[in-house]
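Quick notes on the structure that follows.
The values are calculated or read from the model by the stated rules, or taken from the named source; none is laboratory data. This is a predicted model, so every value here is computed, not measured. Cβ placement follows ideal geometry from the backbone for every residue including glycine, while neighbour counts extend to all protein chains displayed. SASA here: full protein model, heavy atoms, side chains in, ligands and nucleic acids out. Shrake-Rupley method; radii C 1.70, N 1.55, O 1.52, S 1.80 Å.
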Amino acid sequence: MAAASTPILIQQARLLTPSQPTPPRLLSLSAIDSQLFLRFTIEYLLIYTLPSSSHPSAISTAFRAALSDLLIPYFPLSGRVREKSDGSGLEVVCRSQGVLFVEAVSDFYTAADFDRPPRSVAEWRGFLSFSVEDVLDGSPPLVVQLTWLKDGALAVGVGFNHCICDGIGSAEFLNSFAELVVGRLGRATELKPIPVWDRHLLTPQPRLSSQRRTPFISPEFQRVPDLCRFMSRFVDEPLVPTSVSFGKIHLTRLRSLAHSTRGHGETAFTTFEVLAAHIWRSWAQSLKLPPNQTLKLLFSVNVRKRIKPNLPAGYYGNAFVLGCAQTTAGELAEKKLGYVAGLIKKAKESVGDEHVRHVTELVSESRVCPDSVGVLILSQWSRLGLEKVDFGMGRPVQVGPVCCDRYCILLPVYNQTEAVKVTVAVPKSAVDKYESLVRNVAT
């Protein structure tokens, strides 16, 4: 096929290994890492505009060299994830098998194309062309793809096996990667903080039978009745990607509205709490669900400083549990913004050391997985530091996921420190109603 008719053309793909020998190891992943619902790839897409004097070959060479150096302290990312023989969790076989580095070109896309949402859920799939369906099938845990665009801009696609790292850990990796590419760090051994494995810190110690507690099933794992064939809405209908940005003025207005409608004695809300409440209400109302359908908002809560002792700086494994706000479709429609923000606030505040220990024990003893019925999952990428990843080309002008699906993601906005972009794909029949509701911050 001619390159002119192909939106993205792969030029080269190679395995990169650490630039120095690393010790062969068999490393256990934590109980939190090993959860069934984390067995997928975190996929980032960062867009950079470059001066006309840039040399793609020199930039590619710098990326490859820096990545190989970074794989010395991050050597587990060049290993392979597999299930333990006894089925008790996952482990990483570290023999410097390598990460995948892909180089591609596109004579179809320009940087301006990413100012809008993709036309379909998977339109931008080709910017991370090696898509891992099964993270335990021996695939590299890390894939990096550079795609040179029609106008000279650069798209950097990065995929991380979620079993090895969470959003915070992956963002720390990317910022360190950038520091090495531009030479702000002389060697990968100069990283601060130093990457820390220590997965035993989130794996419970075996208990004697006399010490075992009654299993604790936290709300995110509890099943709820499906009164409306909920999941069929997301399977039988096309999903339409949406993107809405909230500037400082809009967020201030939402906070004021939430505070004016909060319950008696309720403390002040964060921007996340009020924005998440607004999105959840808009999403639920657009789907026109039965009033008695139970709905949940699931979101990650960083536990690095919520457990005792705190996790060490540099811990890049999964260090979060899911917060779960729950109510009915009817209450989301009838109650004010302050009430819904209060549900989210209470869900966050319930996550303490004891809760984390309970969840860790639960997921280590069973193969529980969050229910999908009535669920909206929200991820806060806007606070990870992805907007700071500067490979010597300035900060990215766009940051987002490779594919926009039914999970809602909060993203940073270029050159607007207090703004947030909200992306989510909704069923075609609901998209107009959702966009109308989510853009209206006056109710």
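Annotations
- To put it simply, the accessible area of the stretch 53-113 at a 1.4 Å probe is 54 percent carbon and sulfur.
- Spin-label pair residue 121/residue 11, simplified geometry with 7 Å Cα→Cβ offset, distance in nm: 3.2
- Only the Cβ atoms of Lys and Arg (+1) and of Asp and Glu (-1) were treated as charged; on that basis the dipole of the stretch 310-443 about its Cα centre amounts to roughly 320 debye.
- Label sites at residue 229 and residue 310, each approximated as a point 7 angstrom past Cα along Cα to Cβ, lie 5.1 nm apart.
- The heavy atoms of residue 259 offer some 60 square angstrom of accessible surface to a 1.4 angstrom probe.
- Kirkwood analysis of the stretch 225-313, using all unique Cα-Cα pairs, places the hydrodynamic radius at 16.5 Å.
- The chain: proportion of alpha-carbon pairs further apart than 36 angstrom, %: 29
- For the listed peptides 169-175, 333-339, a ranking on the average number of other beta carbons within 10 Å per residue, highest first, reads 169-175, 333-339.
- Euclidean distance between Cα centres, the stretch 381-403 to the stretch 100-120, Å: 15
- About its Cα centre, the stretch 312-351 has a charge dipole of approximately 100 debye under the convention of +1 per Lys or Arg Cβ and -1 per Asp or Glu Cβ, with nothing else charged.
- Positive end of the dipole of the stretch 72-182 (Cβ unit charges, origin at the Cα centre): among 98, 142, 176, the Cα lying farthest that way belongs to 98.
- Placing +1 on the Cβ of every Lys and Arg and -1 on the Cβ of every Asp and Glu, with nothing else charged, gives the chain a dipole about its Cα centre of roughly 920 debye.
- Surface per residue (accessible, 1.4 Å probe) for the stretch 346-443, Å²: 43
- Projecting the Cα atoms of 50, 129, 77 onto the dipole axis of the stretch 7-200, where Lys and Arg carry +1 and Asp and Glu carry -1 at the beta carbon, places 77 farthest toward the positive end.
- When the C-alpha to C-alpha distance is required to be over 29 Å, the pairs from 348/388; 348/428; 305/388 that qualify are 348/428.
- Residue 216 versus residue 259: modelled label distance in nm, points set 7 Å from Cα along the beta carbon direction: 3.4
- Heavy-atom accessible surface of the stretch 7-200, averaged per residue, reaches 40 Å², computed with a 1.4 Å probe.
- Rg over Rh [alpha-carbon atoms, Kirkwood Rh] for the stretch 7-200: 0.97
- For the stretch 7-200: relative contact order, % (alpha-carbon pairs under 8 angstrom, 6 or more apart): 33
- Calculated FRET value between residue 107 and residue 133, using beta carbons and R₀ = 30 Å, to 0.05: 0.55
- Full-stretch length increase - residue 97, residue 190 - with 0.36 nm per residue and alpha-carbon distance subtracted: 31.1 nm
- Take the Kirkwood radius over Cα pairs of the stretch 295-342, plug it into Stokes-Einstein at 10 °C and 1.306 mPa s, and you get 123 µm²/s for translational diffusion.
- Phi-derived couplings, Karplus 6.51 cos²θ - 1.76 cosθ + 1.60 at θ = phi - 60°, listed residue by residue for the stretch 322-337: 8, x, 9, 9, 9, 6, 10, 4, x, 5, 4, 6, 8, 7, 7, 4 Hz, with x used for Gly and Pro.
- Estimated purely from DSSP H runs of n ≥ 4, each contributing -39500 (n - 2.57), the mean residue ellipticity at 222 nm for the chain is -7500 deg cm²/dmol once divided by its residues.
- Cross-link pairs beyond the 28 Å C-alpha cut-off, checked among 288/345; 248/346; 84/346; 308/336; 308/335: 84/346; 308/336; 308/335
- Note on the stretch 293-434: with neighbouring protein chains present and a 1.4 Å probe, carbon and sulfur make up 46 percent of its accessible heavy-atom surface.
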